[in-house]
Each structure stands twice: as C-alpha cells, then as structure tokens.
Amino acid sequence: MSPLATPTITIDHVSFNYVTYTKQSGLRGSWHDLFHRQKSTVAAVQDVSLTVAPGEVLGLLGANGAGKTTLIKLMTGILPASAGQVRLLDDQHPFQKKPAFLQRIGVMLSQKSQLAWDLPPLDTLVLLREIYHIPHDRFDHWLAFLTEQLAVTEQLHEPVRKLSLGQRIKFELICALIHTPEILFLDEPTIGIDVSSQANIYRFLQQLNHDTQMTIILTSHNTKDIEALAQRVAVINHGQKIFDGTPNGLISRYASAATLEVVTDEPLETLPAHVTRVDETHYRVDATALATVPLDPAHILQVHRHNGSLDDILTQLFSEEAPK
C-alpha cells in the first residue's frame, strides 16, 4: 500500500469475547440454572490490528474456531467489538449499520443463504433491487453480465431447491454483488463445489478485482482459493494474528526442512552429495546442509521447493504452537 493511500479497512487492537452458558443435566440441574446460571467468557479475537488497502485481496487463514468468521462479522457490523476500533471506507463504524455503509459492502457467508428455497433466484434478486434502490436498467444490465460470467443465466427462473450446489453458490455470490459494493466479504465461497465451478469463480473474481478495484476479504479452508485469489494473507490462530504478509512469505517463514526438486536438461553422470535421483533428469536435493544447489546452473531447467505448499504450512501451524 502506498504511504499516502488511505486504508479501506482499519482494525485497531480489536478484541471480541463471546459469553457462553453451561447447563446442568436433569430437572434438578435445570432448577439450579434458573437461579444460578453459570457463564464463561471466551476470547474469540484478541488484540488484532490490520489494515487493508483499496483494491487489495486479503485472505484470512485459520483453523476452525480460530476467529476468522468472527473477524468478518466485526468488519461487516454483525458483531460489536469488545475493545478496539473497526473502521471501513470513510471512517464508518460497521456496527452502527448506517444505510450508506451497508450499500457499499457485499457479504456472502457460507452458512447463511439469501436465497428463498422454493423460489427462483430472480425473485430474491428483484427483492434486493428494491432494498438497495437499484435503477431497473442498471440492475438488468449488471444481472445479465453476472449470470453470463458465472454461467447461470438459464437457471434464473428455476426454483433454488432444484439447483446444484455450485449453481446455488454462484447465485449467493451474485446476491452479494448485485448492488456493486466497494468491499466484498466472502466466507468459505467455494465450500463443497466441484473443480470446474471453483475455476469459474476464481476467474470471475480475478477479473472483477482487476477491472473495478473492488476490495475482497476472503476466508477459506481450501488453499486453492487463497493461492488463486489472495495477494496477501493474515493467519489467525486462537484469536490472535500470527502472520501478515504474502502467501510466499508465509511459506518462506514457516517451511520446515528444505527439500528442492530440480529438473536438468541432461542426466548427471555423477551425483553430488545430498542429491538423489528421481528419474533421468529429475533430482531431489536435501538443502538443509547446503548454501547453494550443488549443480551446474547452466543445466538447471526448474527448481522448486518440494515441501513448501500452503497445505503443509497450515497443517504445521494449526497442529502445534506457531513460532512467533
């Protein structure tokens, strides 16, 4: 982000605590809870600070219960912050839910559907047209564009219950975009859908971000979503932010033992130390004890890290205490 650019989203030392209640079993326990209800406080988000630049695509990563969706709800005004401040766009405070603010954000939550089960998607979209006061000609043009790009034009008039999961997900995305928001929040946008539909959504969102500079905040357990879309990632673990940077930066910081896959233009006559042959021109290099790859650079066609995928890194991070 340019030093002079005003962030689209500013999260300043924000925390949020859930209050939960325990219930004892049986009639005696219910009678006891009626007068002596026990409650506990759970810290879902703890002292998180974050800024997002206009037009940026930010991926929020974390295990189940890490605090990703809670952070989305704080940014969209669904929940109020217990401490700290959340500011979007022109210094708007989301939880005030001002109509002018809501007009400028789009939200797609994987566990919450906007579509009416027994009605065609068009009925829901027409309702949204009236809620957002969208001019009819602009609505018709934009809807035609969205349905064409996402390949669901023919399903506009079919009852939602007859649509495939991929088609329903695409219409949920259209509902979030129908009023042309400046910020789009996507919580698990491709959960459970096939590879072809995923690729269609990736291509569409990449083009949308490029053409309109729409800011996109994305959470996903599918690392393909992050690799395809996110320019930057923030990792949340136990409610705390433990990393903020590029996907490659995340891999570089947390990757374990360095094993390199090397492809050469001709077979090696002798194998240097720490190099093993996979096939005729494909070699594996244990780089943990090496400062440089012990092969002639003139014959190297490809080099890539064997165990440096996002899946590997996230498995490491969420199965143990992450290094600070």
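Bear in mind these aren't lab numbers, they're just calculated from the coordinates by the rules spelled out. Bear in mind that the values here come from a model prediction, so they are computed numbers and not experimental data. Note: ideal-geometry Cβ built from the backbone for every residue, glycine included; neighbour counts use all protein chains shown.
Along segment 121-132, what does the Karplus equation 6.51 cos²θ - 1.76 cosθ + 1.60 (θ = phi - 60°) give for ³J(HN,Hα), rounded to whole Hz, x for Gly and Pro?
Whole-Hz 3J(HN,Hα) from phi for segment 121-132: x, 4, 4, 5, 5, 5, 4, 5, 4, 6, 4, 8.
Taking the Cα atoms of the chain, report the difference between the largest and smallest coordinate on each principal axis, in whole Å and largest first.
Here the spans come out as 74, 58, 49 Å, largest first.
In segment 1-151, how many lysine pairs have Cα atoms under 22 Å apart, counting only pairs 8 or more places apart or on different chains?
So the count of such lysine pairs works out to 8.
Calculate the spin-label point distance for His133 paired with Glu261, positioning each point 7 Å from the Cα along the beta-carbon direction, and give it in nanometres.
Result: 5.5 nm between the two label points.
Among the aspartates and glutamates, which have Cα under 19 Å from the Cα of Lys162 when same-chain residues fewer than 8 positions away are ignored?
The qualifying aspartates and glutamates are Asp118, Asp123, Glu154, Glu172, Asp194.
Sequence-distant or interchain residues sharing an amide H contact under 5 Å with Ala83, placed H: which?
Ser15
Suppose each label sits 7 Å from its Cα in the direction of the beta carbon; what would the Asn17-Thr292 distance come out to in nanometres?
Roughly 5.7 nm, to one decimal.
Can you compute the FRET efficiency between Asp123 and Gln207 using 1/(1 + (r/R0)^6), with r the Cβ-Cβ distance and R0 = 35 Å? Round to the nearest 0.05.
The calculated FRET efficiency here is 0.80.
Find me the longest stretch of the chain that has none of the exposed GluC sites (Glu not before Pro), where exposed means in a DSSP loop (not H, G, I, E or B) with at most 14 other Cβ atoms within 10 Å.
1-268
If I model a spin label at Ser49 and His221 as a point 7 Å from the Cα along the Cα→Cβ vector, what separation in nanometres do I get?
Label-label distance for Ser49 and His221, simple model: 3.2 nm.
Relative contact order of the chain, please, whole-number percent, based on alpha carbon pairs below 8 angstrom and at least 6 residues apart.
19
Quick one: 3J(HN,Hα) in Hz for segment 70-86, Karplus 6.51/-1.76/1.60 with θ = phi - 60°, rounded, Gly and Pro as x.
4, 4, 4, 5, 5, 6, 9, x, 5, 10, x, 5, 6, 7, x, 10, 10
Take every DSSP beta bridge whose two residues both sit in the chain, then give the antiparallel share in percent to the nearest 5.
Looking only at bridges with both residues in the chain, the antiparallel portion is about 65 percent.
For segment 270-277, take each phi angle, set θ = phi - 60°, evaluate the Karplus expression 6.51 cos²θ - 1.76 cosθ + 1.60, and give the result in whole Hz per residue in order, putting x for glycine and proline.
Rounded to whole hertz, the list is 10, 9, x, 4, 6, 10, 10, 8.
Using Cα springs under 10 Å in a Gaussian network model of the chain, which residue among Gln213, Gln240, Gln96 shows the largest mean-square fluctuation?
Of the options given, Gln96 has the highest mean-square fluctuation.
Between Thr147, Thr212, Thr264, find the one with the highest GNM mean-square fluctuation for the chain; connect C-alpha pairs within less than 10 Å.
Thr264
For the chain, modelled as a Gaussian network with Cα springs under 10 Å, which listed residue fluctuates most, Asp194, Asp244, Asp137?
With Cα springs under 10 Å in the chain, the top fluctuation among Asp194, Asp244, Asp137 is at Asp137.
When every alpha-carbon pair in segment 141-237 is counted, what percent end up more than 22 Å apart?
Pairs farther apart than 22 Å: 26 percent.
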